[in-house]
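First up is the structure itself, then whatever we jot down about it.
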Amino acid sequence: MKRAAVPLAVLAIIALLLAPLRLNGYAINLLYVTVLSIALAYGWNIISGYAGYFSFGQIAFFGVGAYATALIVVNLHWYWMAAALAGGVLALALAIPLGYVMLRLRGPFFAMGMFGMAQMVRVLVTAVPATGSGSGLFLPPGSGITEVYYWTLAICLGAIALTVWIDRSAFGLRLQALREDEQVAATLGVETTRAKITAFGLSALIPGLLGGGYALFLTYIEPDAVFSSRLDLQSIVMAILGGLGTVWGPLIGGLVMTQISEALWARFPQIYLMIFGGLLVVLLIALPRGIVPALAARFARRSGA
Amino acid sequence: MSLLTVTALEAAYGDFRALHGVSFAVEAGEIVSVIGANGAGKTTALKSVMGIVRPGAGEIVFDGERIDGRAPREIVERGLALVPEGRNLFREMTVEENLLVGAHVRRVRGRAAARLGEVYARFPMLQPLRRRAAGTLSGGQQQVVAIGRALMSEPRVLLMDEPSLGLAPKTTLEIFGVVREINRAGVAVVLVEQNVVQALELAARAYVLTEGRTVMEGTAAAIRGNADVKRRFMGEV
Amino acid sequence: MILLQLAINGVLLGGVLALSALGFNIVFGVMRVVNLAHGDFVVLAAVFAAFGFAQFGVNPLLLLPLTIVAGFAAGALIHHVLLRRLPGEVASAEASSLTLTFGLSYFLTGAGLAAFGGRFVSVPYLTGAFRVGEVSVPQARLLAFVVAVVLSLGFALLLRSTALGRAIRATSQNLDGALACGVDVDRVRTLAFAIGTAVATAAGTLMSFLYNLNAQQGVLFTVNAFAVVVIGGLGNYTGAVIGALILGLTESFASYFMGATLAEAAPYLLFILVLLFAPGGLRGRRAA
Amino acid sequence: MPQMRKRRRVVLQAWHMSAPLLVVEDVSLAFGGVQALNGVSLEVREGEIFALIGPNGAGKTTLFNVISGVLRPDGGDVRFAGRSILGWAPHRIARAGVARTYQIVRPFGRLSVVDNVAVGALVHARTIGQARNDARDVVGFVGLGAYADRPASSLTLTQRKRLEVARALALRPKLLLLDEVMAGLTPTEMDGMAEFVQHLSERGIAAIAGIEHVMRLVMRISHRIVVLDAGRRIAEGDPAAIQTDPAVIEAYLGAPLAGAG
Amino acid sequence: MQRSRFIRTVSAAAVTPALATAVPAQAQGAPITIGASLSLTGIFADGGKYSLEGYQLWIKQQNAKGGVLGRQIALKFYDDQSEPATGVRLYERLINEDKVDIIMGPYGTAITAPAANVAERYKMPMICPETADVVMFQRGFKYIFQGLGPVQTYLYGVLQIAKDHGFKKLALIGPDTAFSHALVNAVPEVARGFGQGIVFTEFYPARASDFASVIEKVKAASPDVVLAMAFPNDAIGVLRQLKQSNYAPKMFYEAVGASDPRFVESAGKDVNGVFSVTAWDPDARTPENESFKTSYRAEFKREPDYHSASNYSSLEVLAAALKRAGSLDREKLRDAIATTHVKTLIGNWRVDPRTGIQLGYTSYILQWQNGKQVIVYPGNVAHGKPLVPFPAWSSR
């Protein structure tokens, strides 16, 4: 089982790398959006799944990355990937002081505090005159979906690798310990503030890097498009559906969600939202801890018997 | 026919099986003690009787009627009450409000004011504390509130889970005195205790629980005299 | 004079915010559930009232009993069928109740769109203002303010001095203790959720006099409600009114003196500052 | 028994020679009007077994919280190995060699027993593998070897108590704070725990055992005792002195010790 | 996806390739498929259903007349949920998976701008029936065409009326959105011609629900004319709070926000005196209008709005261009659209062949009078005179 996983993963990665050569624009597009949401879900899973700090505001870093990239590309004419990288670094740099303040909150207070923080970041970013506020910002067209796709795929794979590492590392153990009981973790020698801020920073870096690609993909950005609470919530739901704080949860949850969502809007455009919401509720009742833990428990039971 | 009979009770929390076969009975008006190490399943057994934990198997009969699987509300309605481990008071509510919640079930709700008077009469020390938030009381006072709260529903059987927990020896003795008085008023008591010596002094009969199972039963004197019990629970060799 | 007018505007806006947040506070206070579908109940009631008015000319105040009953029934049903089934483990309960109400929010939005379409609607009722000298006091806002105060005090009174109120508080303070007293906690929670929903739908009916809404505006009310409740103190029903007034005044003055777009950040800033420095809310007890 | 007396004498002789490991000096702390600690002072030396006794609410847990850095006192000083640790973050105090257990056991429920312990072991281990190996040793040492890979949430209360101790030991502390370590144990288990603490002491690990009212044991194992009541130190001395101290008898013991334990 | 491709293959095989000349209404080969993305849900959902019905009505009528180029017309549409990324994906899907023959533009700048890139990349001509903002047509794209009058036409009439009454001071407010910014940006150019000056400009947040403070500031600037570049969602709030603060400027305009015929249902009597603008008005007395309204009512049991009309008209343009191009060839069609001049339901279609910016369409200025919308500009179709000044709130 475990042995088969490695070659399978290699095959999957090769297939994803070759995909743009074989697939049409729509399929690449769908693949891009899927990879993007999965990568966002992985980013969120670090702070919320492993460290247990449920954030409703990671999209702020996505927006910051997108706007930074757009401004650099438009005004300084950098190659967009360099700009996107700068956007990611900026998101990380912003996350560290923010994390220092916000991570003093817990539970629903942190969750909603981050929501408020994201709104504030949106207002403040778009108050910068160069962003054109509500009238948005045009980027030069032309780099096309393929480049954006590869960029996003690289970040997504990086996020998965990072998660695999976290899951096995001392850092990850520290995060999980503080998720379970922060005070006890501290008295066992875990430098909780540092661990939390590191996790928060990584959870900001990933969307920060992804935002630039998204800006290039849209070629026109405005506040609602990149500070999209819907994109945020979607990635949260993916991670929860797949299994919070697990290595493969965001991937599985993301695949299931995008497939369901894509299948639904094509067939039932008028009542899509209703079905999607209803399905989510039903899934949650049926699999309260997410798909991956449910499968793992099932597998363990079978192999144990 | 005993007033309350528990037979071969089983219960689990998720994967953790807490009870594998607990049996005990209490006659009207007697004090029965259930002793056992921590983790032996005493608390789970009481919670199962109250319907707070849903038993997996076994039978609980109260006053000739099966009550296992019923909701806590119905069980309190029939005349059982629990003084929970750690007291479980409503910390931000006043003493009086705590007591009034004790009279929540329909059987006594209409007589709540009268019940309140009776409880104050039995525990005059609560009278001056009635407007205090329960969380601000001392441990002993809290224990008395918890007992008073359970008595509000006019139970026929009172289940008490570790009433001496966290109390100074002097206070423990006072609480046990309260238990004896309640019993003299005709209420049967199931006393779960770690304070084995005192519990056995108080009780007529006793049961010993080990790892979720009833392993011994008998008169309090017999249990007290048992070498194994002495060694394991009373620290005597 | 302008300052007085801004203050009145802020206070009345605060009343509106308080009213639209009350149901959320009830659910959060009693069950510790962040109900992300709260705003959708508000908005659905508002849209329903506006359609009732436009189609049949029914006075929305006459619809009020109907929306309250419908909200109560819907809340009871949702709690009984869905929320009750969530796992009890503390760590995952928070996440799963958020996800569940998030899904519910989508469902309600979708249902609202299917039933009423996406058009923005409002009820032209009590649109005027009382004049006191140079200062004007909008009627519908005044009504919302009064209803907010009455309902908040009413709920606080219910909690304080009725058997049901005591059972609700007991359940939220110590679940095992409440169970031991024979409180039917399922029923109490169902009732609390139903009351919260009914209050939300009642508020929504009044919101239809104030705002132009369609079925998708729910999230605005949910966010406002959270801000109000955090600033006023969780489960503190009079505190929430004060929190709402502070928010309303902030919004009124900030958008006058800072420019409306930048002022959008002011309530969030206030909300985060309160979270950080007065975690029990401005009037709440400090959490132990 | 005689052996134990002898060892105690040896330790007591050493007491005046060794430098104090922990010094708590005039520590006070109030919450919301309640004076939880009122000018408490004490000293613990290397390898010493120090009992902190007092009824529930006397301030034992609060003092542990102050020493381990979870709470900051309003006044006073705490010195460990010669340095003031006042204001240090809990993790830093832990790394310096002060480990603690919690009165209400708090395992990391979703982590395995080994991983629970490995968290503490990480302070010394180079890699997570090494931390897990160290953790396995400690888990075996406290007798939880058979449960090493189970989730901590599946342990019984007694096992959880052991896990608490194992986690603390994995830090390789010089000082161990045991908060109500006897609560909830049967007399047999208490004896086991007492032996265990003595064993630590022989290895040079000092312990402060916060104990509510298990007098028999306290008298047997401790080198010195401080009695707290309502946040105030009311007595200090060796077991013999405490047993005869009139203030202790009056304020704390009150009634004869008939059934204690 | 798999299944739909399968079905397509099967149906293609089943239909005998018929010669598509002069055969009336029935089966003459596969229909011409028009693909479109609509905002049926999300923040722009307000008009999405009307847009769809506009398409559906025209297609039904045209198919009854035998279709275009002798082929029936079919519509393939999806909901973009008002999300730009979804919009992009939908056009990719329409082009690549559904293999539609022609695409129509989505709603608003936010989605149209990224969708335009797709159209450009596949060289698919795209008429944008719901984009008044001109910025995106100035980016050198070749295949996109503006299907609404440009923003200047939304302002010209109302400022003309202001000039006729000698009003000089303008206050501009609006939500912080692309369209509102475009309108505000277009004011100076028009106002300068009329000798008017701007005394106050402020944007409020796109999701604002409270306008009291903004209105206080407008009041303090004492303009003659208040131009609120409002949308349906904020128009009521602004109007209502104007009333509540007892402020009546000499003229009050709410752009597209108050142009919906059902605005009165939500605004009540307060509506009287409010100016608004629309690309199409049901009361303009043209024969096209009468038949359009009659068929629309019969089909959908409700009144059309300007979304319906604009989308309907864009298909009229498309049909005319297809006829001129004589085939579905994308280049030919592109050139045909760029050079077609045709009278549609909403006006005379004519675009700048280079940029695709609309030159022919104008807009109507409406004023609510006694609870009814009256066209007050342009003069040739007007059936009422503008009532100026805006009546005081106390005298209503």
request  = Would you list which aspartates and glutamates come within 14 Å of residue E:332, measuring only between C-alpha atoms, while excluding same-chain residues fewer than 8 positions from it?
outcome  = E:101
task = Please sort through the DSSP H helices of chain A and keep those with an alpha-carbon extent of at least 24 Å along the long axis and a Kyte-Doolittle average not below 1.0.
result = A:2-22, A:25-44, A:80-102, A:107-127, A:144-168, A:192-218
ask   = Out of residues 5 or more away from residue E:130 or on other chains, whose amide H comes under 5 Å of its own, with H placed 1.01 Å from N in the peptide plane?
value = E:108, E:147
key: With Cα atoms, 0 to 90° folded angle of helix C:90-116 axis to chain C main axis   = 50
query = Among C:54, C:202, C:180, which one shows the biggest mean-square fluctuation in a GNM of chain C, springs joining Cα atoms closer than 10 Å?
reply = C:180
ask   = When the label point is put 7 Å from the Cα of residue D:216 along its Cα-to-beta-carbon vector, which residues of the range B:171-202 have a backbone N closer than 11 Å?
value = B:196-197
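Compute the projected area of the convex hull of the Cα atoms of the range A:183-305, averaged over all viewing directions, and report it in nm² to one decimal place.
Details: hull surface 46.3 nm².
One quarter of the hull surface, i.e. the mean projection, equals 11.6 nm².
Longer than 31 Å from Cα to Cα, which of B:42/B:170; E:60/E:99; E:99/E:323; E:269/E:343; E:99/E:142; A:196/D:161 are they? Say none if no pair is.
Numbers: B:42/B:170 24 Å; E:60/E:99 21 Å; E:99/E:323 21 Å; E:269/E:343 36 Å; E:99/E:142 21 Å; A:196/D:161 28 Å.
Beyond 31 Å between Cα atoms: E:269/E:343.
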query = Across chain E, how large is the tail of the calculated P(r) beyond 30 Å, expressed as a percent of all Cα pairs?
reply = 41
note = Taking a ≥ b ≥ c as the square roots of the eigenvalues of the Cα gyration tensor, with a/c under 1.5 meaning rounded and otherwise prolate when a/b exceeds b/c and oblate if not, the range D:36-78 is oblate
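Which value, to two decimals, describes the C-alpha radius of gyration of the range B:81-132 once divided by 2.2 N^0.38 Å? Spell out each step's value before the answer.
Numbers: Rg = 11.1 Å, N = 52, 2.2 N^0.38 = 9.9 Å.
Output field value: 1.12.
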query = Using 7 Å Cα-to-Cβ label points, what is the residue A:9/residue A:146 separation (nm, one decimal)?
reply = 2.8
ask   = residue C:164 versus residue E:396, label points 7 Å from Cα toward the beta carbon: distance in nm?
value = 4.1
Lysines with Cα under 18 Å of residue E:163, excluding same-chain neighbours fewer than 8 positions away = E:250, E:385
ask   = Hey, with R₀ at 60 Å, roughly what FRET efficiency would residue E:138 and residue D:124 work out to, going by the Cβ-Cβ distance, to 0.05?
value = 0.35
task = In vacuum, with every alpha carbon of the range C:180-258 counted as one equal point scatterer, what does the Debye formula give for log10 I(q)/I(0) at q = 0.12, 0.18, 0.19, 0.22 Å⁻¹? Two decimals, please.
result = -0.48, -0.95, -1.02, -1.20
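If you average 1/r over all unlike Cα pairs in the protein assembly as shown and invert the result, what Kirkwood radius do you get in angstrom?
Working: mean 1/r = 0.0279 Å⁻¹.
That comes to 35.9 Å for the protein assembly as shown.
Calculated FRET efficiency, residue C:81 and residue A:263, Cβ-Cβ r, R0 41 Å, to nearest 0.05?
Numbers: r = 26 Å, r/R0 = 0.62.
The pair residue C:81/residue A:263 has a calculated efficiency of 0.95.
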query = Pairing the Cα long axis of helix C:237-257 with the longest principal axis of chain C, what angle in degrees results, from 0 to 90 and rounded to the nearest 10?
reply = 30
remark   = P(r) of chain D over all Cα-Cα pairs, 5 Å bins starting at 0, rounded to whole percent, reads 1, 6, 13, 17, 19, 18, 13, 8, 4, 1, 0
inquiry  = Step by step: find N for chain C, compute 2.2 N^0.38 Å, then divide the Cα radius of gyration by it. What's the final number?
reply    = 0.99
key: Cα radius of gyration and Dmax for the range E:306-396 (Å)   = 18.5, 62
ask   = To the nearest 10 degrees, how steeply does helix D:157-169 sit against the main Cα axis of chain D, on a 0 to 90 scale?
value = 90
remark   = Candidates E:356, E:237, E:273; GNM for chain E (alpha-carbon contacts under 10 Å) flags as most fluctuating E:237
note = Among A:167, A:232, A:224, the residue with the largest mean-square fluctuation in a Gaussian network model of chain A built from Cα contacts under 10 Å is A:224
key: Radius 11 Å from Cβ of residue B:96, net charge of other residues (Lys, Arg +1; Asp, Glu -1)   = +4
note = Once the dipole of chain B is set up from charges on Cβ (+1 Lys and Arg, -1 Asp and Glu), the residue from the list B:141, B:195, B:80 lying farthest towards its positive end is B:141
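If you take the C-alpha gyration tensor of the range A:2-304, multiply each eigenvalue by 5 and take the square root, what semi-axes do you get, largest first, in whole Å? Kindly include the intermediate steps, with their values, before the conclusion.
Working: eigenvalues 167, 126, 73 Å².
Equivalent ellipsoid of the range A:2-304: 29, 25, 19 Å, largest first.
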Relative contact order computed over chain C (Cα-Cα under 8 Å; 6+ residues apart), in percent = 38
request  = Report, ordered by chain and residue number, the aspartates and glutamates lying within cross-link reach of residue E:168, taken as a straight Cα distance under 16 Å and ignoring same-chain residues fewer than 8 apart.
outcome  = E:189, E:224
task = Just report the Cα centroid separation between the range D:113-148 and the range E:199-224, whole Å.
result = 65
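Bear in mind that the values in this text are calculations on the coordinates, not laboratory data. Bear in mind that the values here come from a model prediction, so they are computed numbers and not experimental data. Cβ coordinates were reconstructed from backbone atoms using ideal geometry, including for glycine residues, and neighbour counts include every protein chain displayed.
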